[in-house]
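The values are calculated or read from the model by the stated rules, or taken from the named source; none is laboratory data. Model, not experiment: these values are computed from the prediction. With ideal geometry, Cβ positions are generated from the backbone for all residues, glycine too; neighbour counts draw on all protein chains shown.
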Amino acid sequence: MRTLPTVHGYRMLGGVGATLIAVAGLAAGALPVETGPAWWTDLRHLAEPALLCGYAGLTLLVAAWWWAGRDLRATSRRAAGSESAGESGARLDCRSAALTLACWAGPLLLSPPLFSRDAYSYLAQGAMVLADIDVYRHGVAALGGRLAAEVPQMWQQTPAPYGPVFLAIAAVVSGLTGGKLVLGLLGLRLVALAGVALLLRYLPRLARHCGVDPGAALWLGVLNPLVPLHLVAGAHNEAVMLGLLVAGLCLAFERRFGTAAVLITLAALVKAPAVVGLLVVVSLAARYSGRRVALARTAGFAAGTAAAVTWATGIGFGWISALGTPVYRHSWSVSSALGRGATRLAGALGLELGDGPMRLCLGLGLLAALAAAAAAWWQRRRLGPAYALGLALAAVALLGPATRPWYALWGLVLIAAAAPDGRARPAAALGAVVLAFVALPSGFGPDRVQAVLAAAGVLVGLLAVGWLRLLTAPLRLSTAVAR
């Protein structure tokens, strides 16, 4: 009696989990405001059982990822011992990782938006660009219509915080799809897949330059649950930003500094945090041409790219002033949560301080993020520039004025490629597991009933995983006896 090969097992388990999440999204996802066909309206009434189903599927997906990691470590140990990997495991390369990710992310491609309503904002802002509305001065309320109606009220007046590269992409998607939500969402997901494809290609190469096992980098940086859940299902622009950033860093290690600076600048013109990647280019180029020359050349390539792209897109330089958009009291972060707590405490004490406590906490949080990032970069000679950059971006994502689960990928991807064996990699993996369960499929915070249903879904998923282990154990024993 033979068992199913491990790689097929975790692919199927994750695929089943992703399918459950996608089906749950039909009733409990970030659904359009306008009601659709009658059958969809009926499904919306099943939001509570769908939420339980979705969290059960999420648990299966996370378990499949953890299973893949255990198989990778076991295969690495066998390879280190010069033994055959046998039928139970295989080295994780780009092709294998792509097939696994296809199994885990494929079912999510056709689901409604999940875990966030940002995709609607992207399409609305793209439509604003086409309508010659300044996205850096006006919120989507200036556009009006169906696309703007899908954006939460608290963001209606907020200017776009993204760079001209991504807004131009969003404009192309919005124009090609004629403002249709379903086609627009599919277009954004295809763009996100292009970013993930860049990660699949360049992350193993970057890992080799940093002395890290490429398979381990792919497992932690590309296959972790945040990628299918947020980069694919959520269609977030982090996919493009990280793909360009990792490609640029890889080329910098290969001494192609001009191209690296261009790619990293393009990443920053998708989303601003990527700009710190230019520090790595300067650091590596300085080894060959001196610090001043490296700084001047990198700055020249970056400034030229930014100017050319801004001119070519016709969107303007408003993106510079829009860099402060994330520093907003409605953004969720550790510092804003402390600010809300301080405001309530001041009110309970009878103190009328207005938004002073919130501004103070946001400022302190930003200072803490910058201090932690600077401390990580200060240790770059010991850590290596890519690993130091990963820690710096992780600090900004966790301590900055705005925090979302997918922001953790800013640092996680580079930690996957550059962190040596030790505490950082297990900590990053555990963090990815925790963050995978934080956001509801609707993109909003949970009430008590939803929290209970989510916990029940996790329990159902754990029971299913336990049952599968009990089911497969006798088969493995029979196979071992037969041999």
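Quick notes
- Only one entry of Val413, Val460 meets the criterion of being surrounded by 14 or more Cβ atoms within 10 Å (Cβ to Cβ) and closer than 21 Å to Val246 by Cβ, and that entry is Val413.
- Gly304 vs. criteria buried (at least 24 other Cβ atoms within 10 Å of the Cβ) and in a helix (DSSP H, G or I): no
- Residue pairs meeting the criteria (Cβ under 8 Å; at least 6 apart or on separate chains; first charged (D, E, K, R), in region 139-158; second modelled with pLDDT under 85): Arg146/Glu34; Arg146/Gly179; Glu150/Val33
- Of all residues in region 153-165, those satisfying the criterion of being surrounded by fewer than 24 Cβ atoms within 10 Å (Cβ to Cβ) and not hydroxyl-bearing (Ser, Thr, Tyr) are Gln153, Met154, Trp155, Gln156, Gln157, Pro159, Pro161.
- Qualifying positions in region 203-215 - part of a helix (DSSP H, G or I) and of a type in the set (A, V, I, L, M): Leu203, Leu206, Ala207
- Count of residues meeting criterion [modelled with pLDDT under 90 and under 18 Å from Ala235 (Cα atoms)] in region 120-149: 2
- Members of region 166-194 found to be at positive phi and either surrounded by 16 or more Cβ atoms within 10 Å (Cβ to Cβ) or part of a helix (DSSP H, G or I) (or both), listed by number: Gly179
- Of Arg2, Arg77, Arg44, Arg11, all but one fail to be loosely packed, with under 14 Cβ neighbours inside 10 Å, modelled with pLDDT of 65 or more and either in the same structural domain as Leu440 (by TED's automatic domain parsing) or basic (Lys, Arg) (or both); the exception is Arg77.
- Condition met for Val173 (of a type in the set (Val, Ile, Thr) and closer than 17 Å to Ala239 by Cβ): yes
- Against the conditions (1) aliphatic (A, V, I, L, M); (2) in contact with a Gly (Cβ under 6 Å, 6 or more places away or on another chain); (3) surrounded by fewer than 22 Cβ atoms within 10 Å (Cβ to Cβ); (4) not assigned by TED's automatic domain parsing to the domain that holds Gly314, Leu130 satisfies every one except (4).
- Of all residues assigned to region 216-239, at least one qualifies as being in a helix (DSSP H, G or I) and surrounded by fewer than 22 Cβ atoms within 10 Å (Cβ to Cβ).
- In this entry, Ala97 passes the filter for residues that are assigned by TED's automatic domain parsing to the domain that holds Val62 and crowded, with 23+ Cβ neighbours inside 10 Å.
- Residue in region 323-339 that is over 26 Å from the mean Cα position of the chain (by Cα), part of a helix (DSSP H, G or I) and over 28 Å from Leu203 (Cα atoms) present: no
- Residues being more than 18 Å from Leu193 (Cβ to Cβ) and outside any helix (DSSP H, G or I) - total across region 243-271: 4
- Qualifying residue in region 183-200 (condition: touching a Cys at 6+ places or on another chain (Cβ under 7 Å) and either closer than 30 Å to Val7 by Cβ or polar (S, T, N, Q) (or both)): yes
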